[in-house]
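Each remark here refers to the structure printed beneath this line.
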Amino acid sequence: EKGGYDHFMLKEIFEQPQTIFDSLRGRLDAKQGTLTLGGIRGEYEDMLKNAKRIIMVACGTSWHAGLIAEYVIEELCRIPVEVEYASEFRYRNPVIGEGDVIIAISQSGETADTLVAIEAAKKKGAIILGVCNVVGSSIARLSHAGAYTHAGPEIGVASTKAFTAQLAVLNMIALKIAKDRGTITDQRYQYLLNELDAISDKVATALKLSDSIAAIAAKYKDARDFLYLGRGYNFPVALEGALKLKEISYIHAEGYPAAEMKHGPIALVDEHLPVVFVATKDSYYEKIVSNIQEIKARKGKVIAVVTEGDETIRGLADDVIVVPEADELVAPILSVIPMQLLAYHVGVQKGYDVDKPRNLAKSVTVE
Ligand code: F6R
């Protein structure tokens, strides 16, 4: 059942080259330069293209996917995006108007907070697009249109393969809107189709790091706290890394935008604090190098996820995890892999049941 893996979580982490491929299959054709999303057609295609605002509504890991999509959609489509915790959105009488499109992101499609939030928004006339994994789930059925993530059943309580599939689908939605609106050049469009098409092979390469990440986990597993830092597209990846560690290893971890560190969290830094930097080569790179120096100056331990060929950070960090190069818009699909593996190995080494962490349920059906 676990396909030879010790845990469902590890199996699902390792399935990702295939599940990402599955979520792109039949939709993205890099050779032809085309993108088709069968579940978003006709009037809904137009509404999305002409959206005045897009609101992502989700919880937990799915909310992190929404945060990344916010950056991608604003960059490519020039439509303002808001990302809302479903529970907060629901209970604060949100302003929803004509031209607003809500994207509800949910692996299970049954998360109560997300479900009631979109029910309420639908009553106010909002258009709902669902990005769900479970076919025929409540959120999928309530949505006007949408795109399934096609990651297959996710058994491990901690979300892994559903997250990367969400990112793949949200990237396709962004590219489609940008193309329809004419906010992307043909050249960049084709380039990003190629980058998305190539990402599952790069994920396969990153998975080979599992043993070396297990060794890093062994070094730091007794730490009391972890800090996770990233900038730009990798900022939500830092949040996701911290969430995974908390869930699976019961170690307190916080994710922050790297630059926010100096506005408070830096007070925590001493020689006992491991700080995980998601620092792949992107337009924020120089800035994050300075943030790493700030941590090292305070004797923090730096574990950095970097791009192949990076020598600067290698010279600064205590441990580096090297992933292939990818465009910054698709890079989170790749840079989250070491986050998942680190949490997994720390949890296993501490002797915990990583498939069923205490106090957590696979789908949260209470508000
Ligand atoms: C994290 C995790 C939870 C879920 C959240 C939303 O590993 O599993 O944070 O992401 O409960 O669940 P869905 O996506 O099913 O709505």
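The values are calculated or read from the model by the stated rules, or taken from the named source; none is laboratory data. These numbers were taken from a predicted model, which means no experiment stands behind them. Virtual Cβ from ideal backbone geometry, glycine too; neighbours counted across all protein chains shown.
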Residue under question is Ser159, and the condition is that it be at pLDDT 95 or above and within 11 Å of the ligand (Cβ to nearest atom); does it hold? yes
Would you pick out the residues in the range 357-367 that are within 12 Å of the ligand (Cβ to nearest atom) and under 22 Å from Tyr220 (Cα atoms)? Pro357
From the list Ile68, Ile40, pick out the single residue that is closer than 26 Å to Ala331 by Cα, at pLDDT 95 or above and more than 11 Å from the ligand (Cβ to nearest atom). Ile68
Kindly indicate whether any position in the range 176-191 is within 16 Å of the ligand (Cβ to nearest atom), in contact with a helix residue (DSSP H, G or I) (Cβ under 7 Å, 6 or more places away or on another chain) and acidic (Asp, Glu). no
Check whether at least one residue in the range 133-150 is over 30 Å from Val305 (Cβ atoms), more than 16 Å from the ligand (Cβ to nearest atom) and modelled with pLDDT of 95 or more, and report yes or no. yes
Flagged pairs (Cβ under 6 angstrom, 6 or more apart or on separate chains; first in the range 290-304, farther than 12 Å from Ala258 by Cα; second basic (Lys, Arg) and outside any strand (DSSP E or B)) are none
Hey, Lys31 hits all of (1) surrounded by 14 or more Cβ atoms within 10 Å (Cβ to Cβ); (2) among the charged types (D, E, K, R); (3) not in a helix (DSSP H, G or I) but one; which does it fall short on? (1)
Among residues belonging to the range 85-121 that are acidic (Asp, Glu) and buried (at least 19 other Cβ atoms within 10 Å of the Cβ), point out the one that is nearest to the ligand (Cβ to nearest atom). Asp113
Residue check, Ala206 closer than 15 Å to His64 by Cβ, touching a Pro at 6+ places or on another chain (Cβ under 8 Å) and either more than 16 Å from the ligand (Cβ to nearest atom) or part of a helix (DSSP H, G or I) (or both): no
Would you point out the residue of the range 312-367, among those that are without any contact (Cβ under 8 Å) to a residue 12 or more places away in the chain and not acidic (Asp, Glu), that is farthest from Tyr189 (Cα to Cα)? Gly351
